[in-house]
């Protein structure tokens, strides 16, 4: 019985570590990408749904739905251990990796931007110019036609 409870305590300690990792995932996203308040609220709701689902899954799979105080103590201990000893390193490393990938992406996208600008100048500007002038001519033609109708009616 005690070995089963120790096993469960260990499982829920690992759950606490995973919840801490999930929390850091959202913290990293907020540090690397700008998020407004609405997106932050959505991320918080998503975090709590995922963390709660993880806890419920573990409670039902490993302890047949029975809730014990030591399970929550294990989660708190796991999250505490993760936050104190690992979290800062995970955040620093992942923020550096993602920022480096963003820089690489910006460099790789330059040729596509140049191609887009060239195609825009060659194809889209003349087409836009044509449509604008056609619209102006039809508008002017409509105005002239309405003036002619007024003259003819009088």
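All of the numbers you see were taken from the coordinates with simple rules; none came from a lab. Keep in mind the model is a prediction, meaning the values are calculated, not measured. Quick reminder, even Gly has a Cβ in these numbers, built from the backbone with ideal geometry, and neighbours come from all protein chains shown.
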Any idea what the relative contact order of the range 1-134 is, in percent, if you count C-alpha pairs under 8 Å spaced at least 6 apart? 41
Read-out Rg/Rh (Cα atoms, Kirkwood Rh), derived from the coordinates shown; its label in (1) 0.97; (2) 1.44; (3) 1.08: (2)
Any chance you could list the semi-axes, whole Å, largest first, of the equivalent ellipsoid that the Cα gyration tensor gives for the range 86-154, using √(5λ)? 59, 17, 4
With label points set 7 Å from each Cα along the Cα-to-Cβ direction at residue 81 and residue 45, the distance between them in nm comes to 3.4
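With r defined as the distance between the Cβ atoms of residue 109 and residue 88 and R0 fixed at 41 Å, what FRET efficiency is calculated, to the nearest 0.05? Numbers along the way, then the final one.
Values: r = 32 Å, r/R0 = 0.77.
Calculated transfer efficiency: 0.85.
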Determine Rg/Rh for the range 1-85; Rg is computed over alpha-carbon atoms and Rh is the Kirkwood hydrodynamic estimate from the same atoms. 1.07
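Please work out how much length the chain gains when fully extended from residue 121 to residue 144, using 0.36 nm per residue of separation minus the C-alpha to C-alpha distance, in nm with one decimal. Could the numbers behind the result be given before it?
Values: separation 23, 0.36 × 23 = 8.28 nm, distance 3.34 nm.
This chain segment gains 4.9 nm when fully extended.
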Just to confirm my numbers, what's the Cα centroid distance between the range 112-141 and the range 9-28 in Å? 54
